1. Scan region A:110-140 residue by residue and report those that are open to solvent by 80 Å² or more (accessible area, probe 1.4 Å) and outside any helix (DSSP H, G or I).
2. Inside region B:24-82, can you point out the residues that are within 14 Å of chain A (Cβ to nearest Cβ) and part of a loop (DSSP other than H, G, I, E, B)?
3. State all residues of region A:602-623 that are open to solvent by 50 Å² or more (accessible area, probe 1.4 Å) and either assigned by TED's automatic domain parsing to the domain that holds A:Val231 or modelled with pLDDT under 90 (or both); if no residue qualifies, say none.
4. Residue pairs, Cβ under 8 Å, 6 or more apart or interchain, first in region B:1-20 and of a type in the set (Asp, Glu), second open to solvent by less than 50 Å² (accessible area, probe 1.4 Å). List them.
5. Suppose we keep only residues that are among the basic types (Lys, Arg) and in a loop (DSSP other than H, G, I, E, B) within region A:496-546. Which one would you say is modelled with the highest pLDDT?
6. Can you name the residue in region A:24-56 that is small (Gly, Ala, Ser) and assigned to a loop (DSSP other than H, G, I, E, B) and is also surrounded by the fewest Cβ atoms within 10 Å (Cβ to Cβ) among such residues?
7. Grab the strands (runs of 3 or more DSSP E) fully contained in region A:259-329, keeping just those with 1 or more residues being of a type in the set (Gly, Ala, Ser).
8. On the given criteria, is A:Ile409 surrounded by 17 or more Cβ atoms within 10 Å (Cβ to Cβ) and either within 16 Å of A:Gln512 (Cα to Cα) or over 32 Å from the mean Cα position of the chain (by Cα) (or both)?
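The values are calculated or read from the model by the stated rules, or taken from the named source; none is laboratory data. From a predicted model like this one, the values you see are computed outputs, not experimental measurements. Virtual Cβ from ideal backbone geometry, glycine too; neighbours counted across all protein chains shown. For the accessible areas, the whole protein counts, side chains as well, though only heavy atoms, and no ligand, DNA or RNA atoms are used. Shrake-Rupley method; radii C 1.70, N 1.55, O 1.52, S 1.80 Å.
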Amino acid sequence: MSNANPAQSPVSAPRIVRVVLDVPLDQWFDYLNPGLPVLPGNRVVVPFAGRQLVAIVMAVTEDTEVPASKLKAILQVFDDVPLDAATLKLLRFCADYYHYPFGQTVLSALPLRLRQTKPATARKQWAYRLTTAVHDDALDKRQRVLARVIAALKMQSECSEAQLNTLSGSWRKAIAPLLANGVIIRREVVAVRPSMPASAEIPALNAEQAQAVTAILAQRQQFQPWLLFGVTGSGKTEVYIRLLEAILAEPQAQVLVMVPEINLTPQLESRFRSRLSQFTLVTLHSHLSESERLQHWQAAQSGAAQIVIGTRLSIFTPMPHLRLMILDEEHDSSYKQQDGMRYHARDVALVRAKQLQIPIVLGSATPSLESWYNATLDAAPANATAKKAAYGLLRLTRRAVAEAQLPQITCIDTVQMPAEGGLTPWLKQAIEHRLQRGEQSLLFINRRGYAPVLHCSACQWVADCHRCSAKIVLHLRQRVLRCHHCGEEQKIPVQCPSCGNPDLRPVGQATQRIEETLQQLYPQARVARVDRDTIQAKDALTEVLSAVHAGEIDILVGTQMLAKGHDFPNLTLVGVLDTDGALYSPDYRASERLFAQLMQVAGRAGRGEKAGEVLIQTAFPQHPLFAALRTQDYETYANTLLQERIVLQFPPAAYVAVFKAEAQEYALVEQFLKALVEAARHFIMQEVAQFTQLPTVYDAVRPGLARLNRMERGYVMLQCQHRGSLQLLLRAAVAWARHHPLQSKIRWVLDVDAYDV
Amino acid sequence: MNTLVIAATVQAIEPLGYTPAGLPLLRLQLQHDSEQLEAGLNRKVQCVLPAVLIGEKARLTLQTGDQIKAKGFLSRRSAKSTQVVMHIQEIQLIQQLQILKEF
């Protein structure tokens, strides 16, 4: 205080503004306030290293250690709503727990528009409606986009831009003439709330559903995690709707509903909109335009939006009156962020619920072992040292549509009955029966492209990716070889580069090849393929799905994209091709994931009134995973896996963090990781007294994919039964790594609670 | 050196296919019948030979029963096989099967 410069600022405003920036330095920065009205949580613009950056104010104070000569002034204060303390507290926790620079944590939680130094204004949003009846005949048949828009406008009286965006990317152009002549009119709206036909049928709750709703609402005023364990088709969504109705009855209350994938939002959104039309609902996901995202985010922040549906990024959305969180399909690995701050949205949600003292509902037909462990902890007290808040377990064991039966699941032994072109005679016969009866089939193969391997039968050469230690996948239709890890594309060689043979063979099955085989076998059948390649366009998936609903598709071939959430009443056969790779994977989560995936896929069959059948082609029909799947016995299988994890001390029985490092040369990676291992072990020895439980530091190893995108990779796994002890070690290790001399030559990241290596 | 010149009848023929890079590819089964001189003695020779035609020549309209003259080389079917396949470099249609034309 003594050397305060009296000329700088008016007396009233605190002199120093302490901010965080989107830079990879884990510290706060002090700036001088030239007398602007600044509050903690405000967005300001500051000069930093010759640039102007957006910063978030953490504190306003009188003290600084920065010499007055080096202190720069903030340039601008934005007058938007400051970030609230609760959100900052959550972000603080995440930065600490995931060991990610706080400034980057805060700034990456904001919509892009709020990270830019321009004032953040959302483009005006409009809602569209028809003024006169338009006859289908009046439309030019070739204008498919326009026809779709008009169909949508006929169905609901008014459509938001977001809704029209799901129909086509070019709807604006398509409707321009009709907008000009007044057939379609628009009005400006904020946080769109379209009115929906009130015809939505309200299903009665069965006893289990009613009990779940009652149990959750009984403890609505406190932190309580609930695991809603409901078989596929058991009506979890209806439970969510009832919870929302009850919670939102309180004025101003807000609810955050999270879904793993963007593809699932429109479905949930339309169900919520039709049943909860009295509440303002916004969505948050990466398919929104930046303007929409900002507007939706601000609607949540201001409290105007009562329901927010979003993917994992929505977990950090400020919601001042948040009263309940719901995570649908909580086991889904999409909740894990795989770059930047590698958070798990489920875990962050639990922390947020605890900080806010509100209930959180985790819904799944195949809960993650983490959640299952927490929900059944009393039954299996395996870990006496770790004290955890047990979740409430709520079971939905019956399908909601009374007539709907769980599908019959059978394994086809591909050793006894070899598959030809990926399909066994048994499966083909089952498909033919469906074709004859006018029912739909779904073939699940979790590999896109034409064939996973391009092989020279003359000399055994195999096409590899030049940048990764992986085989490169043949995409015959696009006439390229494409690496599914780094995206590299190669031209298909005219001849074998090793021996010159032109007769190269695609080996193995993938979606394109199955589609081709089906078209050859059943030329009259309407076959559709759904994988990342076919649904790149914004509206492509919606289009296929509505075609399936309209009965315009007989056979659907696709990857895991089809496994989730979709409801096809006329689909009675699910064929699973070639999942054996995952049965014997070195990844300890592989069987958990495969089981969940197959349960989900199987759940697509027979959701309506017709019984479903699931046929799984495998060379290992005796595998315990299939035994559990056949009886749809998640519980027994989960408990078996859990015992394995407890014995092996893998999550959830222990906590695991992984240091991943990569460089052009493995020698550097190895040197860095070896030094890390040594430093970590040394730290443990030295600070033994501080640890409740001693973490294990494993030696540096290489992952299965040793080279990715020209980078040689390695990792070190750290494991401990006690979360705090592991965190203690991680803090020391991160501090060590941030100052290591090799820091500039290698790239390293820390993945806390890593999903894979 | 690896050259085979042979006259044969097309015994079986697969539909025209393509290599992954898009070269036309035709797989055939050739049946060969002739008389040859061995140890100064005349004898009958019969064999069935799998053959493959890669490249624009594969677009040639061939039918079962056609008589052809082919020149090419021999290679094993695959690295795992001892079976020999004739790779046709030049092909000449000698006579198309007459019966088919009458239909």
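1. Across region A:110-140, the qualifying residues are A:Lys118, A:Pro119, A:Thr121, A:Arg123, A:Lys124, A:Arg129, A:Ala133, A:His135.
2. B:Gly55, B:Arg77, B:Ser78, B:Ala79, B:Lys80, B:Ser81, B:Thr82
3. Result: A:Glu609, A:Lys610, A:Ala611.
4. Between residues of region B:1-20 that are of a type in the set (Asp, Glu) and residues that are open to solvent by less than 50 Å² (accessible area, probe 1.4 Å), the close pairs are B:Glu14/B:Leu26; B:Glu14/B:Leu28.
5. Here the residue is A:Arg526.
6. First pass over region A:24-56, keeping only residues small (Gly, Ala, Ser): A:35, A:41, A:49-50, A:55.
From what's left, assigned to a loop (DSSP other than H, G, I, E, B): A:35, A:41, A:49-50.
Numbers: A:Gly35: 14, A:Gly41: 17, A:Ala49: 7, A:Gly50: 5.
So, considering only residues that are small (Gly, Ala, Ser) and assigned to a loop (DSSP other than H, G, I, E, B), the one surrounded by the fewest Cβ atoms within 10 Å (Cβ to Cβ) is A:Gly50.
7. Strands (runs of 3 or more DSSP E) meeting the threshold: A:307-310.
8. So A:Ile409 does not fit the description; no.
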